[in-house]
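Structure first, commentary second.
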Amino acid sequence: MTVGEIDAAGAPGRPGPADPGARLADRLGGELYQLACAALPAATIGAAKDRLLHVIGVTLASSGLPVPAAAWQAVRADDGPCTVIGRPGRLSAASAAFANAVAAHSSLLEDCGPGGLSEGSHPGTYVPAAAFAAAEQVGASGADLLAAVVVGYEAVGVLGGIAPVSIVARRFRPLGVLGPIGAAAAAAMLYGCDRRQLAAAISIAANTAAGYGQGFVAGSTEPYLHAGFAARNGLLAASLAAAGCAAAPDSLEGPYGFFQTYGGDAGRIPPGHAGHAVTRLGTKKFAACLQNQETLSLIQARLPVPLAPEAVRRVALFRPATPSNGTASPGVGTGPPYDTMLQRQMSARFTAAAALLGRPVDDVRYFEAAGDDDDVATLAALIELHSTDDPVVRIDVDLRDGTRLTAAGDMSAVLFPTSREITDRFRGRAASVLGPATQDVISLIGQLERLPAAASLLSVLRPATRSHAETEAVP
């Protein structure tokens, strides 16, 4: 589905969320329902499988970090039928979705749109978590799970394109605002909602949208929790819709609706997109903010790293003022202190300094322990950060012997690994937690559309006893 299929009159062509009578949620619900019932293209199925394999590996890698451990501890008494990845026992659907989403977000290795509201920000943190819980709760098939994931990604991909960009300018966090909607859309399909109930689920979920970015500056826990709130609230919204709760037909675009309340205007008319949203997102390589990915790739690929810290006199980092490379997001352009893991992962200066000194910036364990890395902190203080109109990232490194090292180029390909690369990364992240079952997960996802029960995949992710993931994260 493209945004061009949703317009003010309900006919193909120009989208028009500005019309208060457009009933955007009804039309979106209908299009998403049709998508779920249709045969999915091979490219869409393959992309959805890649998303699931990636998020499972990232969740396993993150499970031993402090925030996922705290999230698990907070809800672990809420028994139920659903799996928490890398943990023994089972929880209720709401608590399992919450714990899995928090873990999926806690290493900053998640999938990503190009920035802002586009493609739902980081839908891999909340859509699969909600879909896993709902699928296990109702005994859904693997094909049903795949379709629900595609629908969840599509919901936030479409709305992220239509919603006013002023939502972000007003400092609402894209994940927090769109997350409940994507989670609700995925769960509603698994709960057997019809198209009108799906529309109601989207609108109800929009009423739970929340989240802002101060936690990135402070390096505190709220940003990780946003994904958990989104997954849990999306499940509840879908359950309420399935139980018969109605919503305002113009809940999104009405004068007191989602767009006007959060953005102050009624939306925008973006260009259409080819393919489904699940096929368009980037996938992070480095355990850092999206806006640092190309910089780290440039340093690793085109500079003679590692550099000796005492050899560097000055560094100038020039970043395009674009969603994928800008410095305006909370925590990205700020200076020290770098007291917490999140502050270190968000900082353009700290992450660049770590890459210049050859640190393992693809490993979240490095950033967790890097508070004692005085050489990186010292070098970070020497980095001048510039926002430019140039189309590519550039970095100039002046050495104390008078040499200048320069690298520049388009490194956007780092966000689009092949399926093989995603599978190899999964093996590296999962092996110490799952052992021989790592290959079982790869095989089960490969045949997911043929599995009679999605639970056969999830059961492999639930160790019978305390797992390695509870005490140690893996790269």
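Scanning region 428-475 for residues being modelled with pLDDT of 90 or more, of a type outside the set (S, T, N, Q) and part of a loop (DSSP other than H, G, I, E, B) gives a total of 7.
Here 258, 229 are screened, and the one residue that is among the aromatic types (Phe, Trp, Tyr) and over 22 Å from residue 99 (Cα atoms) is 258.
A search for C-beta distances below 8 Å between a residue of region 178-201 that is at positive phi and any residue that is surrounded by fewer than 24 Cβ atoms within 10 Å (Cβ to Cβ) and in a helix (DSSP H, G or I), counting only pairs 6+ apart in sequence or on different chains, returns 192/138; 192/242. Of all the residues in region 359-385, those that are exposed (fewer than 14 other Cβ atoms within 10 Å of the Cβ) and more than 14 Å from residue 310 (Cα to Cα) number 3. Those helices (runs of 4 or more DSSP H) of region 159-234 in which 1 or more residues are over 30 Å from residue 339 (Cβ atoms) occupy 166-169, 174-190, 195-206. Name the single residue that is farthest from residue 143 (Cα to Cα) among those in region 20-59 being of a type in the set (A, V, I, L, M, F, W, C) and under 15 Å from the mean Cα position of the chain (by Cα). This residue is 58. For region 204-240, which positions are crowded, with 24+ Cβ neighbours inside 10 Å and β-branched (Val, Ile, Thr)? Correct list: 204 only. When residue 244 is tested against (1) small (Gly, Ala, Ser); (2) in contact with a helix residue (DSSP H, G or I) (Cβ under 7 Å, 6 or more places away or on another chain); (3) in a loop (DSSP other than H, G, I, E, B); (4) surrounded by fewer than 24 Cβ atoms within 10 Å (Cβ to Cβ), just one condition goes unmet, and that condition is (2). How many residues does region 177-198 contain that are surrounded by fewer than 24 Cβ atoms within 10 Å (Cβ to Cβ) and closer than 19 Å to residue 111 by Cα? Result for region 177-198: 0. Look at region 13-33: where a residue is at positive phi and a partner is of a type outside the set (Lys, Arg) and at pLDDT below 50, sitting 6+ places away or on another chain with Cβ atoms under 8 Å, you get 13/4; 13/7; 23/10.
The values are calculated or read from the model by the stated rules, or taken from the named source; none is laboratory data. Just so it is clear, the model here is predicted, and its values are computed rather than measured. Backbone-built Cβ (ideal geometry, glycine too); neighbour counts: all protein chains shown.
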